[in-house]
1. Do we find that residue A:177 is in contact (Cβ under 8 Å) with a residue 12 or more places away in the chain, buried (at least 17 other Cβ atoms within 10 Å of the Cβ) and under 30 Å from residue A:63 (Cβ atoms) in this structure?
2. Would you confirm whether any residue within region A:165-172 is away from chain B (no Cβ under 13 Å), closer than 23 Å to residue A:67 by Cα and more than 15 Å from the chain's Cα centre (by Cα)?
3. On the basis of being more than 30 Å from residue A:34 (Cα to Cα), of a type in the set (Gly, Ala, Ser) and away from chain B (no Cβ under 13 Å), does residue A:135 make the cut?
4. List every residue pair whose Cβ atoms sit under 6 Å apart, with the two residues 6 or more apart in sequence or on different chains, where the first one lies in region A:138-153 and is more than 11 Å from residue A:187 (Cα to Cα) and the second, anywhere, is modelled with pLDDT of 90 or more and charged (D, E, K, R).
5. Does residue A:222 satisfy being surrounded by fewer than 19 Cβ atoms within 10 Å (Cβ to Cβ), assigned by TED's automatic domain parsing to the domain that holds residue A:131, within 19 Å of residue A:118 (Cβ to Cβ) and not aliphatic (A, V, I, L, M)?
6. If only one of B:130, B:115 is loosely packed, with under 12 Cβ neighbours inside 10 Å, closer than 30 Å to residue A:212 by Cβ and out of contact with any Cys (no Cβ under 8 Å at 6 or more places or on another chain), which one is it?
7. Go through (1) modelled with pLDDT of 85 or more; (2) in a helix (DSSP H, G or I); (3) surrounded by fewer than 16 Cβ atoms within 10 Å (Cβ to Cβ) and name the single condition residue B:104 misses.
8. Out of everything in region A:79-99 that is crowded, with 22+ Cβ neighbours inside 10 Å and touching a residue at least 60 places away in the same chain (Cβ under 8 Å), what residue ends up being farthest from the chain's Cα centre (by Cα)?
Amino acid sequence: MSSTKETKMLTFKIKRFNPAVDDKPYFDTFELECNEGTTVLIAIQELIAKQDGSIAMRYNCRAGVCGSCAVLVNKKYALACETLVLQLNKKEIKLEPLPFYPVIKDLVVDMSQFYEKLLAIEPYLKRDHSKDPEAEILQSPDDFHIIEESTKCILCGACHSSCVSVWTDKNYLGPGALLKAFRFANDTRDEDKRQRIKRVTAEDGVFRCHTAFNCVEACPKELNPTEAIQTLKRQSAKQTLKFWSRR
Amino acid sequence: MAEKEVIVDQAQATTGSKLSNLLSWFNPFSRGVGMWAWIAQRLTGLFLVMYVFIHLGIIGTMLLDDFLGFNTGQLYNSITSAMSSPLIEVTGLPSIFEHVFSFAFFIDAALLAALVYHGYNGIRVVLFDLGIGIRKQKTVFWILLILGIISYFLAIWLILSVPAIVLSSGA
């Protein structure tokens, strides 16, 4: 264990908003003693326990797996549980809920539109189960390598909140859902590739992406939804052209 | 044309008006090079489209008296001389910089900047559509920006020097 327990007094500015009571969001300022192991999430938990019990925050696993604690830390997308406050090298830490989503309270946002879009691409394996082998459905490491990165998505919704196309077109599927669409369309065990590609070729699908790379900037897991979307664009163009030449 | 296909039918997504959502494009949070490159691409694109119409309008006006059958060329001469006359009187410049302060040069310089940026960033976007360099988008942007700046100054130098060469060889 490290013996030097360095502590620092840090200022936390948290954006508060309770739609039932407040007309406008406002910032509350708190002071907290932080050490090198303090994450943003631990700091908020301590603030809730010791200073203001009315701060609302959504969290679950505390290990960067569940994706429920994504917030804006100093205007950058981050998972509260993975961000160490002393490594930010700032005296003042500003916490805001994810932009674009409707705020339920303080740092908790309503992500139902994100989930709805996720369900629209049918994010589960589709295949004829009557021909399944007795044991597991095997996949070679090479086949898995194609979709390896996109399976790491934890559905925190940061990319969806950062996307410019999502802001101005509410029906656009968004980078999160399209990353999932890529993951299932290119899964060798899936037998619905044609329909999946057809679905994302629609007006609100992949071609709404303008490659502004905000999702790549935002992703706390450092994934690349833009690359997945660009691959889907090429696959969809290929499939559509094949369709026309067959007629 | 196929019927418009709405994948997600939901109304509660909007948090602000269309205009405020549009203005939030310019909100500088968690933004990288790619976002600013994209915004500049849109703005230069709009500028170039507007320029085409202004250009057609001015050229059309220049040739108006020819169309009407007065072949005097007066409109043409007056507009070109107004365009090329200096906005600020600066004396003692070398001859190559003679027209630097004219209205025409300002327009040309702005047009070229927009054109060069839009063209080079267009190459970048085409590369991404081909699946090249998506992971290195920032490097691609800076390389093309440097190439663009070089071509910009080359073009400015040509604008300034070529008329003098043509005039001297003609005489």
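1. Working: in contact (Cβ under 8 Å) with a residue 12 or more places away in the chain: yes; buried (at least 17 other Cβ atoms within 10 Å of the Cβ): yes; under 30 Å from residue A:63 (Cβ atoms): yes.
The answer is yes for residue A:177.
2. To start, the set of residues in region A:165-172 that are away from chain B (no Cβ under 13 Å) comprises none.
Among the residues of region A:165-172, not one is away from chain B (no Cβ under 13 Å), closer than 23 Å to residue A:67 by Cα and more than 15 Å from the chain's Cα centre (by Cα), which makes the answer no.
3. Details: more than 30 Å from residue A:34 (Cα to Cα): yes; of a type in the set (Gly, Ala, Ser): yes; away from chain B (no Cβ under 13 Å): yes.
For residue A:135, the condition - more than 30 Å from residue A:34 (Cα to Cα), of a type in the set (Gly, Ala, Ser) and away from chain B (no Cβ under 13 Å) - is met.
4. From residues that are more than 11 Å from residue A:187 (Cα to Cα), the pairs are A:152/A:221.
5. Values: surrounded by fewer than 19 Cβ atoms within 10 Å (Cβ to Cβ): yes; assigned by TED's automatic domain parsing to the domain that holds residue A:131: yes; within 19 Å of residue A:118 (Cβ to Cβ): no; not aliphatic (A, V, I, L, M): yes.
In short, no.
6. Values: B:115 fails: loosely packed, with under 12 Cβ neighbours inside 10 Å.
Of B:130, B:115, the one residue that is loosely packed, with under 12 Cβ neighbours inside 10 Å, closer than 30 Å to residue A:212 by Cβ and out of contact with any Cys (no Cβ under 8 Å at 6 or more places or on another chain) is B:130.
7. Unmet for residue B:104, out of (1) modelled with pLDDT of 85 or more; (2) in a helix (DSSP H, G or I); (3) surrounded by fewer than 16 Cβ atoms within 10 Å (Cβ to Cβ): (1).
8. If we take residues in region A:79-99 being crowded, with 22+ Cβ neighbours inside 10 Å and touching a residue at least 60 places away in the same chain (Cβ under 8 Å), then A:85 is farthest from the chain's Cα centre (by Cα).
The values are calculated or read from the model by the stated rules, or taken from the named source; none is laboratory data. All of these numbers come straight from a predicted model, not from anything done at the bench. Quick reminder, even Gly has a Cβ in these numbers, built from the backbone with ideal geometry, and neighbours come from all protein chains shown.
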